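First up is the structure itself, then whatever we jot down about it.
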């Protein structure tokens, strides 16, 4: 038989333990090339750049070069 708790944990103790489970605010960084919002670690959908290098051949790339 597994061990059981000897005493009841209070609501405050349970709340303190679960305090860091809240939802964090979602941040959307901007592209360093075109300043449009983009998701982290993904190619920018507006200019096609990733890590300062052109990755996608889009019409936006051809007009800036």
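Ranked by the mean number of other Cβ atoms within 10 Å of their residues, highest first, the peptides 29-38, 4-13, 42-51 fall in the order 42-51, 29-38, 4-13. Based on every Cα atom in the chain, Rg and the maximum pairwise Cα distance Dmax equal 24.0, 72 Å. The helix-based estimate of mean residue ellipticity at 222 nm for the chain, built from -39,500 (n - 2.57) per DSSP H run of four or more residues and divided by its residue count, is -5000 deg cm²/dmol to the nearest 500. Note on residue 53 and residue 27: with the Förster distance fixed at 22 Å, the Cβ-Cβ geometry gives a FRET efficiency of about 0.40.
Since every read-out is calculated from the coordinates, none of them should be taken as a lab result. Computed from a predicted structure; not experimentally measured. Glycine gets a Cβ as well: all are built from the backbone with ideal geometry, and neighbour counts include every protein chain shown.
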